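Below: the structure, in structure tokens.
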Amino acid sequence: MILIDTNILLYSINSDDPRSPRAGHALESLVNSGASWALSWSIVYEFLRVSTHPRVFSSPLDTETAWAFLSDLIRHPSGLILSETSIHKDTVDLCIAESPRIQGNLLHNFHLAVLMREHGITRILTEDRDFLMFPWVEVQRLPA
């Protein structure tokens, strides 16, 4: 299983971004491969926040369009939405011990890395190099 990061979703839907074709192809290939993949609720809300923001996108999506894009993914039979479980606190303890200098803006990615560990997911599709700081996470980038 692999977690799909927010930036892949954003690149895939933003035709103004030069990474859009690669991200769209990677997302479509992964979703239609039959292999399991995951999102998290924090990724869903971050996508909604960024994709509808007029200071981020020159042509922001309206909320309904952004939600429709995500709804198709959420309903897909190969997809899973990660949430915290009863072992979340223990997993946070373990992850903080392995990455003690995490702070500030890195805590969003840390949360995703913790959820991945909690659910036994080791790979993330992302262009965000910050995930390299977590020794239990294998970063898969977009193909060149």
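We did not get these values from a lab; they are worked out from the coordinates using the rules stated. Values in this document were obtained by computation on a predicted structure and should not be read as measured data. In this analysis, Cβ positions are derived from the backbone assuming ideal geometry, glycine residues included, and neighbour counts consider all displayed protein chains.
Here are the numbers for this structure:
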{"quantity": "Given charges at beta-carbon only (K, R positive; D, E negative), |dipole| of the stretch 2-140 in Debye", "calculated": "100 debye"}
{"quantity": "Cβ-based charge dipole, the chain, positive-most Cα from 94, 38, 132", "calculated": "132"}
{"quantity": "Rh (Kirkwood; distinct C-alpha pairs) - the stretch 18-71, Å", "calculated": "12.4 Å"}
{"quantity": "Likely footprinting exposure, 101, 49, fewest C-beta neighbours within 10 Å first", "calculated": "101, 49"}
{"quantity": "Computed [θ] at 222 nm, deg cm²/dmol, the chain (DSSP H ≥ 4; -39,500 (n - 2.57); rounded to nearest 500)", "calculated": "-14500 deg cm²/dmol"}
{"quantity": "Choice from 113, 97, 66 with maximal GNM fluctuation in the chain (Cα, 10 Å cutoff)", "calculated": "97"}
{"quantity": "Charge tally in the Cβ shell below 14 Å around residue 20, where Lys, Arg are +1 and Asp, Glu are -1, residue 20 excluded", "calculated": "-2"}
{"quantity": "Charge tally in the Cβ shell below 12 Å around residue 66, where Lys, Arg are +1 and Asp, Glu are -1, residue 66 excluded", "calculated": "-3"}
{"quantity": "Rg/Rh for the chain, where both radii come from Cα atoms and Rh is the Kirkwood radius", "calculated": "0.96"}
{"quantity": "11 Å beta-carbon shell around residue 6, net charge (K/R +1, D/E -1)", "calculated": "-3"}
{"quantity": "Length-normalised contact order of the chain in % [C-alpha pairs under 8 Å, at least 6 apart]", "calculated": "28 percent"}
